[in-house]
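The values are calculated or read from the model by the stated rules, or taken from the named source; none is laboratory data. Everything numeric in this text was worked out from a predicted model, so none of it was measured. All Cβ positions, glycine included, derive from the backbone under ideal geometry; neighbour counts span all protein chains shown. These area figures cover heavy atoms from the full protein model, side chains too; ligands, DNA and RNA do not enter into them. Shrake-Rupley method; radii C 1.70, N 1.55, O 1.52, S 1.80 Å.
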Amino acid sequence: MNIRNQIINLPKVELHCHLDGSLRPETVFDLCLKENIEIPYKNIDDIKKVLEISDTCNSLKEYLEKFSLPVNVMQKKENIYRVTLELLEDAKKDGIEHIEIRFAPFQHMNKGLSENDVVEAALEALKDGNKKFNIHSGLILCSLRHEPVDSSINLVKLALGYQNQGVCAVDLAGNESDFPPEIHKKAFDLAYDKNLKITIHAGETGIAENILKSIRLLHANRIGHGIFAYKDKKTLEYLIENEIPLEMCPKSNLDTKAINDYAKHPFKDYFNAGVKVTLNTDNRTVSNVSLVDEYLNLINILGFNMDEIKVVIKNGIEAAFISTELKANLLNKLV
Ligand SMILES: [Zn+2]
């Protein structure tokens, strides 16, 4: 069996995948036509250029602009349902057993949907995806850093309404350079008090101190990215001692210019130092990458062997926001 197929057959989980960054270009094109959204693009190749990152992208800000068209077509229940179900189908092709899909529901209320409509459309797809594709999943609701703390509090309250009914955690995403974690403390205190799991994007754009702040002030169970942890020895030590998982997404870091060469990504250094690193895509369409591609990159570019790959997969299973039964089940399949 070739290595790609070996990777597909391993019981992988994905913990960091943005729905709006993972739409099929064909679907975006189709939905633009259906919704009469005027676009200056005439075919799939043009749409791909808009959705996928180019080599000339030089910042996270430019990267984030890739999401406006997908968000624009996700303003109806049936469209949210469709793109979520398609993502589950794509994940299944990667041999993923459990995926945590995240998005910011308040961005999908521009054409009359309520916040509950938005979340329920995605949850419906998760339920149907489980039946249709035999893939387990959870939904992570994202709050956005540039929004006021009240918006984050409302997001946490929304998530609490679906706790243990498909919503598995809350997240804080967006521009971390200008909006540090502490601004949103009140919201994540509420999530913590109610035993809702928390993951926070931190240390993605050079600010290592946001990692410890997110853990200590916002009670993060996991850190999204954390690539810049190496800049602060104490942060790295803390992550190792407290077994805080990092949801790492190397291709995405290359695309946002957090690194300028995949081979220089600290994933292997963190792995060797004992950090609980997990592997994820972040945004499948924007980065034009699958989870299997990323595992192959670990092998071909960062020099991982198959035993080490299994440890990375094990880290992911252990860090997933799932029941202990499902964890045990997946770990059994990994042997
Ligand atoms: Zn992310």
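Can you name the residue in segment 10-47 that is acidic (Asp, Glu) and surrounded by 12 or more Cβ atoms within 10 Å (Cβ to Cβ) and is also nearest to Val286 (Cα to Cα) among such residues?
Across segment 10-47, the extreme among qualifying residues is Asp20.
Within segment 141-151, identify whether any single residue is under 26 Å from His225 (Cβ atoms), at pLDDT below 95 and more than 16 Å from the ligand (Cβ to nearest atom), and answer yes or no.
Among the residues of segment 141-151, not one is under 26 Å from His225 (Cβ atoms), at pLDDT below 95 and more than 16 Å from the ligand (Cβ to nearest atom), which makes the answer no.
In segment 271-335, which helices (runs of 4 or more DSSP H) lie fully inside it and hold 3 or more residues that are touching a Ser or Thr at 6+ places or on another chain (Cβ under 9 Å)?
Ranges flagged: 291-300, 306-319.
Report, by residue number, each residue of segment 55-106 that is away from the ligand (no atom under 16 Å from the Cβ), in contact (Cβ under 8 Å) with a residue 24 or more places away in the chain and of a type in the set (Asp, Glu).
Passing the criteria: Glu78, Glu86, Glu89, Asp90, Asp94, Glu97.
Yes or no: Gly303 closer than 27 Å to Ser214 by Cα and either modelled with pLDDT of 95 or more or surrounded by fewer than 14 Cβ atoms within 10 Å (Cβ to Cβ) (or both)?
No, not satisfied.
Across segment 9-43, what is the total count of residues that are part of a helix (DSSP H, G or I) and within 16 Å of the ligand (Cβ to nearest atom)?
Residues in segment 9-43 being part of a helix (DSSP H, G or I) and within 16 Å of the ligand (Cβ to nearest atom): 3 in total.
Could you tell me which of the residues Tyr192, Tyr230 is out of contact with any Asp or Glu (no Cβ under 8 Å at 6 or more places or on another chain), more than 16 Å from the ligand (Cβ to nearest atom) and either open to solvent by 20 Å² or more (accessible area, probe 1.4 Å) or assigned to a strand (DSSP E or B) (or both)?
Residue meeting the stated conditions: Tyr192.
Within segment 123-154, track down each residue that is within 16 Å of the chain's Cα centre (by Cα) and closer than 30 Å to Leu330 by Cβ.
Leu126, His136, Ser137, Gly138, Leu139, Ile140, Leu141, Cys142, Ser143
Residues of segment 243-263 being closer than 22 Å to Ser214 by Cβ and hydrophobic (A, V, I, L, M, F, W, C), which ones?
Residues satisfying the conditions are Ile244, Leu246, Met248, Cys249, Ala258, Ile259.
All but one of (1) polar (S, T, N, Q); (2) over 26 Å from Ser68 (Cα atoms); (3) in a helix (DSSP H, G or I) hold for Gln165; which doesn't?
Checking Gln165 against (1) polar (S, T, N, Q); (2) over 26 Å from Ser68 (Cα atoms); (3) in a helix (DSSP H, G or I), the one that fails is (3).
Inspect segment 168-175 for any residue being at pLDDT below 95, open to solvent by 40 Å² or more (accessible area, probe 1.4 Å), within 16 Å of the ligand (Cβ to nearest atom) and under 19 Å from the mean Cα position of the chain (by Cα) and give the result as yes or no.
yes
Could you go through segment 121-139 and let me know if any residue there is surrounded by 17 or more Cβ atoms within 10 Å (Cβ to Cβ), within 16 Å of the ligand (Cβ to nearest atom) and at pLDDT 95 or above.
The answer is yes; a qualifying residue exists.
Determine if segment 239-248 includes at least one residue that is in a loop (DSSP other than H, G, I, E, B), within 16 Å of the ligand (Cβ to nearest atom) and over 15 Å from the mean Cα position of the chain (by Cα).
no
Listed here are the residues, each with its yes/no results for (1) in a helix (DSSP H, G or I); (2) surrounded by 14 or more Cβ atoms within 10 Å (Cβ to Cβ).
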{"position": "Ile7", "(1), (2)": "yes, yes"}
{"position": "Lys49", "(1), (2)": "yes, no"}
{"position": "Ile53", "(1), (2)": "no, yes"}
{"position": "Lys66", "(1), (2)": "yes, yes"}
{"position": "Leu69", "(1), (2)": "yes, yes"}
{"position": "Val83", "(1), (2)": "yes, yes"}
{"position": "Leu88", "(1), (2)": "yes, yes"}
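Give the residue that is nearest to Gly206 (Cα to Cα), with candidates limited to residues of segment 254-287 that are within 16 Å of the ligand (Cβ to nearest atom), at pLDDT below 95 and surrounded by fewer than 24 Cβ atoms within 10 Å (Cβ to Cβ).
Ala258
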